[in-house]
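Peer 1: Here it is: the structure, laid out below.
Just so you know, all these numbers are worked out from the coordinates, no wet-lab data involved. Since the model is a prediction, treat every value here as computed from it, not as a measurement. For neighbour counting, all protein chains shown are included, and Cβ atoms are generated from backbone atoms with ideal geometry for every residue, glycine included.
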Amino acid sequence: MNKFTIPLVAFIVLVALLAVGLTLNPREVPSPLVGKPAPDFNVPQLHDPNLSFSPREMAGKVWLLNVWASWCVSCREEHPILVAFAKTDAAVPIVGLNYKDKRDDGLRWLARFGDPYHLSAFDADGRVGINYGVYGVPETYLIDKAGTIRFKQIGPVTPAVLEKKILPLVKELNK
Amino acid sequence: MKLLLALLATLCLVHPALAKEAAPLAEDPVVEQRLIHIAEELRCLVCQNESLAGSRAELAMDLKREVRDLIKEGKSDAEVKDFLVSRYGDFVLYRPQVKPTTYLLWAGPFVLLLVGIALLVNFLRRRNQQVAETPLSEAEKKRAEALLKEGQS
């Protein structure tokens, strides 16, 4: 055995570890809520303050909870994908959670860019967001028939995420 | 008498103003003190290298509001931290808890230190053996003595 073998192997292992580390996104904090029941809440709806919404109403359905805001730049990037998805056959109900927004701004945003939502809940002070561990909009939760969170997308839903992660899970959960 | 009444009236006018000025910046200094104490141990998720106490990010302000409410409800420090960990995960704690998933994190540096010490001891022993195992031969000894004598004369 050459005397350089051990340092060389150690060096390669170190480089491999650092290389893997570079591909990870430090902004993505794995949510402890995946696999847990979706926290309950009851807030007014965006379109009509007299109506309220609670996740309990979605029991028995596989659905998406999409946290968005009119002030959120990445939401704009994500929005056309959701609008298109809502029109497909594979679509599941999407509930919007309008997070820390002004009602008028939110409504204007939906009028301008399209409304893919089954309905939008209005979380003016961000309390629902905190209970769902939201730390940057947009965030999307896939919730199953029993009300358990099965998947969380941090950041915009991309076509790749939709096709490779969300749709296969939806199919499985709808069985 | 009129003068006295006027004086009293002015005092009444002055009083609320004074009371306002004397009001503390925070609603309740005790709560605020505990909030800072707890928030210094917590990571702000928006600016990850900043503590919740130091951050002015909107989410940090909201979380501080929640923590303040929990303190007012009489929750202990551990309960407040559990509230945030159950929502945001262990990542919010600057001082991770000791549990099976963090054993490596806590013990890792000491394990590496022990490995280092073991390697060092091993290396020193082998070197000792090498030094001891190569005594001078008779011929070398004589030559060494001859050289030393030469040097003296």
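Peer 1: Calculate I(q)/I(0) for region B:34-80 by the Debye formula, one identical point scatterer on each C-alpha and no solvent, and give its log10 at q = 0.16, 0.20, 0.24, 0.28 Å⁻¹ to two decimals.
Peer 2: Rounded to two decimals, the profile gives -0.37, -0.56, -0.78, -1.00.
Peer 1: Would you list which lysines come within 27 Å of A:LYS165, measuring only between C-alpha atoms, while excluding same-chain residues fewer than 8 positions from it?
Peer 2: Straight-line reach from A:LYS165, under 27 Å: A:LYS36, A:LYS61, A:LYS87, A:LYS145, A:LYS152, A:LYS175.
Peer 1: If I model a spin label at A:LYS164 and A:ALA10 as a point 7 Å from the Cα along the Cα→Cβ vector, what separation in nanometres do I get?
Peer 2: Reported label-point gap for A:LYS164 and A:ALA10 is 3.6 nm.
Peer 1: If you don't mind, another one. Ignore the peptide's own chain and count Cβ atoms of other chains within 10 Å of each Cβ in B:82-89; give me the average, rounded.
Peer 2: The shielding value for this peptide is 5.
Peer 1: Within chain A, which is the longest segment containing none of the chymotrypsin sites (Phe, Trp or Tyr not before Pro) that sit in a DSSP loop and have at most 16 other Cβ atoms within 10 Å?
Peer 2: A:72-175
Peer 1: Count the lysine pairs in region B:18-109 whose Cα atoms sit under 29 Å apart, keeping only pairs 8 or more residues apart in sequence or on different chains.
Peer 2: Lysine pairs satisfying the spacing and distance rule in region B:18-109 number 9.
Peer 1: Still on this structure, I have one more. Find, among the GluC sites (Glu not before Pro) in region B:48-153, those assigned to loop by DSSP (not H, G, I, E, B) with at most 15 other beta-carbon atoms within 10 angstrom. Mind showing how you got there, number by number?
Peer 2: Numbers: sites: B:GLU50, B:GLU58, B:GLU66, B:GLU73, B:GLU79, B:GLU133, B:GLU138, B:GLU140, B:GLU145, B:GLU150; in loops: B:GLU50, B:GLU73, B:GLU133.
When the GluC sites (Glu not before Pro) of region B:48-153 are filtered for loop state and at most 15 Cβ neighbours within 10 Å, B:GLU50, B:GLU73, B:GLU133 remain.
Peer 1: For labels at A:SER54 and B:VAL131 in the simple 7 Å Cα→Cβ model, what's the distance in nm?
Peer 2: 8.0 nm
Peer 1: With charges set only on the Cβ (+1 for Lys and Arg, -1 for Asp and Glu), what does the dipole of region A:73-157 come to about its Cα centre, in debye to the nearest 20?
Peer 2: Rounded to the nearest 20 debye, it is 40 debye.
Peer 1: Kindly work out what percent of the DSSP beta bridges joining two residues of chain A are antiparallel, to the nearest 5. Walk me through the intermediate numbers first.
Peer 2: Values: 14 of 24 bridges.
That works out to approximately 60 percent antiparallel.
Peer 1: Can I ask one more? Counting Lys and Arg as +1 and Asp and Glu as -1, what is the net charge of the other residues whose Cβ lies under 13 Å from the Cβ of A:VAL34?
Peer 2: Once all neighbours under 13 Å are counted, the net charge is +2.
Peer 1: Another one. Please give the per residue volume of the convex hull enclosing the alpha carbon atoms of region A:30-91, rounded to a whole number of Å³.
Peer 2: Residue-normalised Cα hull volume stands at 148 Å³.
Peer 1: Beyond 22 Å, what share of the Cα-Cα pairs of region A:98-172 remains, rounded to the nearest whole percent?
Peer 2: Tail of P(r) above 22 Å: 30 percent of Cα pairs.
Peer 1: Another question about this same structure. Between A:ALA124, A:ALA160, A:ALA69, where does the largest GNM mean-square fluctuation fall for chain A, given springs only between Cα atoms within less than 10 Å?
Peer 2: Ranking A:ALA124, A:ALA160, A:ALA69 by mean-square fluctuation puts A:ALA160 first.
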